[in-house]
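Novice: The following block contains the structure, expressed as structure tokens.
The values are calculated or read from the model by the stated rules, or taken from the named source; none is laboratory data. Keep in mind that what you see is a predicted model, and the values were worked out from it rather than measured. Virtual Cβ from ideal backbone geometry, glycine too; neighbours counted across all protein chains shown.
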Amino acid sequence: MSLKLAFGGKGGVGKTTLTALIARIIACEGKKVIAIDADPVSNLASALGISEETPITPIAQLSDLIAERTGATPGTMGGFFTLNPKVDDIPDRFSLERDGVKLLVMGTVQKGGSGCICPESTILKALMLHLVLQRDEVVIMDMEAGVEHLGRATTSSVNALVTVVNPGKRSRVAALQIRKLAEELGIKRVLVIGNRVRNPQDQQMIIDSLSDFEILGFVPELDEIAESDRLGTRPYDDLETVPVAVREIAQKLAHLE
Ligand SMILES: Nc1ncnc2c1ncn2[C@@H]1O[C@H](COP(=O)(O)OP(=O)(O)OP(=O)(O)O)[C@@H](O)[C@H]1O
Ligand SMILES: [Mg+2]
């Protein structure tokens, strides 16, 4: 029943902008939404209109909490620790909310050697799995390109990987990467949003190069987004003014079969 979406795509295509807008639109309909910033360079807060003055500590940096929950030694974070920590209170305690969207910032786990299991990544994985499997809320994740730290158990349980692409020759390359990523993650459904589409040729280019994917819709180049970027504000403070194309995409996602 409840919807779990992962937004992915190459750098700078518009993942954060669209994640935030779609999260706000779905929340505006009265659904509870948790937006997850899973990008190490997190900026979902400002896209949601959460002031930069509001301190938000990424979960991965809550070392006392991580130590307490995993049983790892604070400071060194070494030794034995549980792989099954309690996390169910974390979304409510450590999120910031605006307009019905709760934001959770995951933060970065320093990579050790391959296959490293550390207390920080254990907490993040347990939390993601909890959010995807146990929460009633709509969960929307803004991901970085590589999402291996989320764990296959989490990714294979999301309803769809929503891939944002921009028009251009590289969208074909993107398509191949998306398929590979989805396969690696065990995600069966891949949906595409064509963003920054300026004309029918742009649109056609995306349709042609991604013909075997389900395309949710196209978002034009929007001055309001560029302008809010310059001002450091969230675009479309009044959701009523969001262009129809974006609202239709949000509706399709909200009522995904
Ligand atoms: N439809 C649009 N019209 C105009 N500008 C846009 C549009 N979508 C995104 N942008 C602009 O493109 C830039 C990148 O957008 P955004 O940060 O959402 O991308 P991203 O995929 O999250 O990037 P990153 O990979 O760095 O996290 C921003 O400056 C944003 O304002
Ligand atoms: Mg981003």
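Novice: Helices (runs of 4 or more DSSP H) wholly in segment 152-257 with at least 3 residues that are more than 14 Å from Gly8 (Cβ to Cβ) - which ones?
Specialist: Numbers: elements: 152-155, 170-185, 200-209, 223-231, 244-254.
Of the helices (runs of 4 or more DSSP H) lying wholly inside segment 152-257, those with at least 3 residues that are more than 14 Å from Gly8 (Cβ to Cβ) span 170-185, 200-209, 223-231, 244-254.
Novice: Could you list all residues from segment 1-24 that are within 9 Å of ligand 1 (Cβ to nearest atom) and β-branched (Val, Ile, Thr)?
Specialist: Val13, Thr16, Thr17, Thr19
Novice: Of all residues in segment 1-39, which are assigned to a loop (DSSP other than H, G, I, E, B) and near ligand 2 (Cβ under 10 Å from one of its atoms)?
Specialist: Gly9, Gly11, Gly12, Val13, Gly14, Asp39
Novice: For segment 223-240: of the residues being over 21 Å from the mean Cα position of the chain (by Cα) and within 14 Å of ligand 1 (Cβ to nearest atom), which is surrounded by the most Cβ atoms within 10 Å (Cβ to Cβ)?
Specialist: Across segment 223-240, the extreme among qualifying residues is Glu224.
Novice: Mind checking which residues of segment 204-222 are surrounded by 17 or more Cβ atoms within 10 Å (Cβ to Cβ) and not hydrophobic (A, V, I, L, M, F, W, C)?
Specialist: Ser209, Gly217, Pro220
Novice: Sticking with this structure for a sec: Take Ala27 and tell me if it is within 20 Å of Asp238 (Cβ to Cβ), at pLDDT 95 or above and either within 11 Å of ligand 1 (Cβ to nearest atom) or not hydrophobic (A, V, I, L, M, F, W, C) (or both). So that I can check it myself, show each step before the final result.
Specialist: On the way: within 20 Å of Asp238 (Cβ to Cβ): yes; at pLDDT 95 or above: yes; either within 11 Å of ligand 1 (Cβ to nearest atom) or not hydrophobic (A, V, I, L, M, F, W, C) (or both): no.
Against the criterion (within 20 Å of Asp238 (Cβ to Cβ), at pLDDT 95 or above and either within 11 Å of ligand 1 (Cβ to nearest atom) or not hydrophobic (A, V, I, L, M, F, W, C) (or both)), Ala27 does not qualify.
Novice: Now a separate question. Write out, first by first residue and then by second, each pair whose Cβ atoms fall under 7 Å of each other, whose residues are 6+ apart or on separate chains, and whose first residue, in segment 10-22, is within 16 Å of Glu221 (Cα to Cα) while the second is near ligand 1 (Cβ under 6 Å from one of its atoms) and of a type in the set (Lys, Arg).
Specialist: Partner pairs satisfying both residue conditions: Gly14/Arg196.
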